[in-house]
Amino acid sequence: MAQVYVALGANLADPIGQLNRACQALLSLAEGDSLSVSPFYRSAPMGDVEQPDYVNAVAGFNTTLSPIDLLDALQAIENQQGRVRELRWGPRTLDLDLLLYDDQSIDIPRLIVPHYGMRERSFVLVPLSDIAPELILPDGTALQTLITGSLKAELVLAEPQP
């Protein structure tokens, strides 16, 4: 069984509802009652594409799925919620990114774990620290050493989860 962390993000079609539905779908991938979800945060979009702010969170859970099977399951959830891949860093109904899979480092054509951009993204680091404050990354870096006051200041809590 593997401990995994997944970033959730949405900025179209009721983003908070999208994240709530995604969390319900993640329950089917999680073993037992292992699913934990951070608070939801609002963040500015990345890149130069004009679009609404995002709502982001991180979920952690135990799973028996292999990394590729988990990736396939996450992409199926995105597709079920209307995800269309048109623009890199463009607006989306739902984005689910596999951040960490146990303490493994994976670099294959379809999957890079730890997620390649997680160290620079406040909308990943802050919610991840909400549910795993003592986390040590596969390279031995303590999560807390990556979080600064400026990262926390970039985010605001989104409306409460219903």
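The values are calculated or read from the model by the stated rules, or taken from the named source; none is laboratory data. Note that the coordinates shown come from a computational prediction; the quantities given were computed from them, not determined experimentally. Note that each Cβ is placed from the backbone with ideal geometry, even for glycine, and that neighbours are counted across all protein chains shown. Each accessible area value is taken on the protein alone, full model and side chains, heavy atoms only, with ligands, DNA and RNA left out. Shrake-Rupley method; radii C 1.70, N 1.55, O 1.52, S 1.80 Å.
Along the chain, the exposed loop sites are chymotrypsin sites (Phe, Trp or Tyr not before Pro) outside DSSP states H, G, I, E and B with at most 16 other Cβ atoms within 10 Å, and the longest stretch free of them is 1-88. For the chain, the membrane-span-like helices by this rule, meaning whole DSSP H stretches whose C-alpha atoms cover at least 15 Å of axis and whose Kyte-Doolittle mean is 0.0 or above, are 15-26, 67-80; this says nothing about an actual membrane. Only helices enter this figure: runs of n ≥ 4 DSSP H residues, each worth -39500 (n - 2.57), summed and divided by the residues of the chain, yield -8000 deg cm²/dmol at 222 nm to the nearest 500. Find me the longest stretch of the chain that has none of the exposed trypsin sites (Lys or Arg not before Pro), where exposed means in a DSSP loop (not H, G, I, E or B) with at most 13 other Cβ atoms within 10 Å. With trypsin sites (Lys or Arg not before Pro) excluded where exposed in loops, the chain gives 1-84 as its longest stretch. Please compute the net charge surrounding residue 36, taking Lys and Arg as +1 and Asp and Glu as -1 over other residues with Cβ under 14 Å from its Cβ. Overall, the nearby charge balance is -4.
Computed over protein heavy atoms with a 1.4 Å probe, the carbon and sulfur contribution to the accessible area of segment 7-133 reaches 50%. If R0 equals 22 Å, the separation of the Cβ atoms of residue 104 and residue 130 corresponds to a calculated FRET efficiency of about 0.45.
Protein heavy-atom accessible surface, 1.4 Å probe, per residue over the chain: 50 Å².
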